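Written below as structure tokens is the structure these notes are about.
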Amino acid sequence: TVANAYVKPRVGAYVSRLEDGLRARAFPGDLYIMQSSGGVIEAVNAKAFPVRILESGPAGGVAASRWWGAIADEPDLLSFDMGGTTAKLCVISDGQPLIAHDFEVDRVYRFKKGSGLPIKMPVIELIEIGAGGGSIARVDALGLLKVGPDSAGADPGPVCYGNGGAEPTVTDANLILGYLDPAYFLGGRMALDLEGARRAVKQKIADPLGLSIEEAAWGIYQIVSETMSNAARVHALERGKDPRRFPLFAFGGAGPMHAYRLALSLGSPALLAPLGAGVMSTVGFLSAPLSFDFVRSWPSQLGQMDWAQANALLAEMEGEGQALLQASGVPATQITHRRAADMRYVGQGHEIPVPLPDGPLHADLAPQLLAEFERVYQELYERLGPPVPVEVLNWRVVSSGPQPELRLQTAINTNDDSSTDANASVSTARKGERQAYFPECNGYTNTPIYDRYRLAPGATFSGPAIVEERESTVIVGPGATCRIDEQLNLVVEMNNTPS
């Protein structure tokens with residue numbers, strides 16, 4: 001409540017200016033804003049509850065991952081978003097992202113838990129890692145190579161941008177390793193300075209460590225990949241999820257460039273890189289339903305529950321959700337309510353959300369609720385707790401409208417009739433070769449370069465390979481098999497033998 005009141009005037013003024021600007025441009029549609037929990041709300045509700053949109057950008061990327069997973073028949077995914085400053089990873093299980101009910105803002109130490117201001121609000125559960133294309137590499141006081149979490153940002157950016165940056169970054173290393181084409185960055189709209197990147201890596205990293213420029217660049221790439229892999233593995237395992245069961249869905253400007261090594265290290269069975277990975281969060285905004293979250297605190301042991309009171313709380317929240325969504329234009333028959341209870345063993349200091357069945361709750365359901373709590377607890381912790389009573393602390397309802405129906409329209413960029421022929425599109429898409437670094441090949445090797453926009457559904461080829469598009473580049477290592485699916489996702493079947 002305090003945080004909401006604090007940011008409400010500024011966010012309200014900003015959203016109002018945005019509405020005015022859209023009206024002045026004769027925008028005929030409605031303005032919706034993404035929530036941290038993965039749904040959208042009308043502008044009027046965003047102005048009333050601005051604390052709900054604090055993490056709207058990252059939530060959009062996860063919503064896109066969930067949507068792509070649904071149409072690709074992959075309900076379990078690791079959503080991996082890597083940009084210029086940070087990488088973010090989220091577990092999507094059974095078609096739904098994991099949700100946390102508190103998070104921190106304004107951390108004194110950006111990636112240190114407990115150094116920020118706690119906010120009690122539903123948010124898609126993400127781990128944020130200080131690893132991005134602009135992350136700065138350095139040799140520390142102990143003579144060790146470190147990468148991040150500080151970043152060169154977009155201005156001045158990496159040395160290779162030629163904007164005055166002096167510190168070597170992950171992007172500079174990628175350029176040296178041959179993963180980026182200096183003449184095709186941003187689709188050719190921006191040239192990269194390869195020699196500048198090599199000088200910076202030589203002076204700041206290679207010479208102090210007694211390495212070649214190429215060894216130093218690979219060290220930067222390897223460290224940032226291992227940093228992400230270690231954090232992702234811990235994040236998944238702490239939530240009872242085995243990353244070896246989850247394909248990796250990679251997006252963001254830098255995500256597809258680092259996803260192969262991350263998937264290899266995690267043991268993921270496959271890597272999915274969508275077309276337009278650099279702007280994927282926008283798909284999430286379009287695919288998210290209208291929704292609203294409610295919570296009521298009413299502690300009670302399961303064996304001593306006043307079921308009438310519990311049903312009254314749930315009905316009250318469902319009624320509020322129904323009214324808000326109907327006021328937003330959602331037909332009553334298309335509104336759904338998901339219910340959950342935050343439960344724990346008596347005496348514990350934390351609780352876990354447990355799904356509740358539809359319909360009235362009553363004493364005869366207590367054994368079923370206990371069994372569901374134990375199932376969720378076992379999944380998280382691989383064991384059950386002591387033989388003590390179980391209690392409910394909070395009751396939750398998520399009210400949602402229907403999932404928007406999006407229809408993909410795709411086109412292959414080619415000037416001949418091979419665009420719909422999978423095998424022909426591979427040869428048409430091949431732009432040439434360049435030297436790129438793969439340790440499995442003992443260093444640099446001639447690597448095929450493919451134009452992403454010319455690869456038709458059904459096209460298959462093997463790594464090593466580099467697949468380029470305007471907003472991102474996919475790196476595929478030796479031994480992996482690539483195919484283009486019906487939605488033009490690049491699907492990489494991993495060999496799961498980390499180097």
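Only a single item in (1) among the charged types (D, E, K, R); (2) surrounded by fewer than 18 Cβ atoms within 10 Å (Cβ to Cβ); (3) within 18 Å of ASN394 (Cα to Cα) is not met by ASP342, and it is number (2). The residues on offer are LEU266, LEU314, LEU302, and the sole one that is touching a residue at least 12 places away in the same chain (Cβ under 8 Å), crowded, with 17+ Cβ neighbours inside 10 Å and in the same structural domain as ASP76 (by TED's automatic domain parsing) is LEU266.
Pick out the one residue from GLY253, GLY240 that is assigned by TED's automatic domain parsing to the domain that holds LEU142, in contact (Cβ under 8 Å) with a residue 24 or more places away in the chain, more than 22 Å from GLY477 (Cβ to Cβ) and within 27 Å of the chain's Cα centre (by Cα).
Values: GLY253 fails: more than 22 Å from GLY477 (Cβ to Cβ).
The unique qualifying residue is GLY240.
The single condition from (1) modelled with pLDDT of 90 or more; (2) loosely packed, with under 11 Cβ neighbours inside 10 Å that GLU405 fails is (1).
Among (1) under 25 Å from MET190 (Cβ atoms); (2) surrounded by fewer than 20 Cβ atoms within 10 Å (Cβ to Cβ), there is one condition GLU440 misses while meeting the rest; what is its number? Condition (1) is where GLU440 drops out. When ALA310 is tested against (1) in contact with a Leu (Cβ under 8 Å, 6 or more places away or on another chain); (2) assigned to a helix (DSSP H, G or I); (3) under 18 Å from VAL44 (Cβ atoms), just one condition goes unmet, and that condition is (3).
When you look at VAL2, is it of a type in the set (Val, Ile, Thr) and either without any contact (Cβ under 8 Å) to a residue 40 or more places away in the chain or touching a Gly at 6+ places or on another chain (Cβ under 7 Å) (or both), yes or no? Give the steps one after another, and end with the answer.
On the way: of a type in the set (Val, Ile, Thr): yes; either without any contact (Cβ under 8 Å) to a residue 40 or more places away in the chain or touching a Gly at 6+ places or on another chain (Cβ under 7 Å) (or both): yes.
Criteria met by VAL2.
Taking the listed residues GLN368, GLN322, the one that is surrounded by 12 or more Cβ atoms within 10 Å (Cβ to Cβ), part of a helix (DSSP H, G or I) and in contact with a Pro (Cβ under 8 Å, 6 or more places away or on another chain) is GLN368, with no other qualifying.
In region 338-365, which residues are aliphatic (A, V, I, L, M) and part of a strand (DSSP E or B)?
The first filter runs over region 338-365 and keeps only residues aliphatic (A, V, I, L, M), leaving 340-341, 343, 346, 352, 354, 356, 361, 363, 365.
Within region 338-365, ALA340, ALA341, MET343, ILE352, VAL354 meet the criteria.
Check every one of the strands (runs of 3 or more DSSP E) wholly within region 435-499 and list those with 2 or more residues that are out of contact with any Phe, Trp or Tyr (no Cβ under 7 Å at 6 or more places or on another chain) and at pLDDT 95 or above. Walk me through how you get there before you give the answer.
Values: elements: 443-451, 460-462, 465-468, 473-476, 481-484, 490-493.
Strands (runs of 3 or more DSSP E) meeting the threshold: 443-451.
The set of residues in region 443-476 being of a type in the set (Ser, Thr, Tyr) and closer than 23 Å to PHE185 by Cα consists of TYR444, THR445, THR447, TYR450, TYR453, SER472, THR473. In region 4-44, the residue that is farthest from SER281 (Cα to Cα) out of those that are within 23 Å of the chain's Cα centre (by Cα) and either outside any loop (DSSP other than H, G, I, E, B) or in the same structural domain as ALA327 (by TED's automatic domain parsing) (or both) is ILE41.
Selection of first residues in region 178-189 that are in contact (Cβ under 8 Å) with a residue 24 or more places away in the chain and more than 15 Å from TYR161 (Cβ to Cβ) and of second residues that are among the aromatic types (Phe, Trp, Tyr) and assigned to a helix (DSSP H, G or I), restricted to Cβ pairs under 9 Å at least 6 apart or on distinct chains, gives the following pairs, ordered by first then second residue: TYR179/TYR221.
Tell me, yes or no, whether region 24-34 has at least one residue that is surrounded by 14 or more Cβ atoms within 10 Å (Cβ to Cβ) and without any contact (Cβ under 8 Å) to a residue 24 or more places away in the chain. Reasoning before the result, please.
Taking region 24-34 and keeping what is surrounded by 14 or more Cβ atoms within 10 Å (Cβ to Cβ), we get 31-34.
Now narrow it down to the ones that are without any contact (Cβ under 8 Å) to a residue 24 or more places away in the chain: 31, 33.
There is at least one residue in region 24-34 that is surrounded by 14 or more Cβ atoms within 10 Å (Cβ to Cβ) and without any contact (Cβ under 8 Å) to a residue 24 or more places away in the chain.
Considering every residue within region 356-376, establish whether at least one is outside the structural domain of GLU238 (by TED's automatic domain parsing), within 21 Å of SER291 (Cβ to Cβ) and in contact with a strand residue (DSSP E or B) (Cβ under 7 Å, 6 or more places away or on another chain). Yes.
The values are calculated or read from the model by the stated rules, or taken from the named source; none is laboratory data. Note that the structure is a prediction, hence the values are computed from the model and not measured. So basically every Cβ, Gly included, is an ideal-geometry build from the backbone, and we count neighbours across all protein chains shown.
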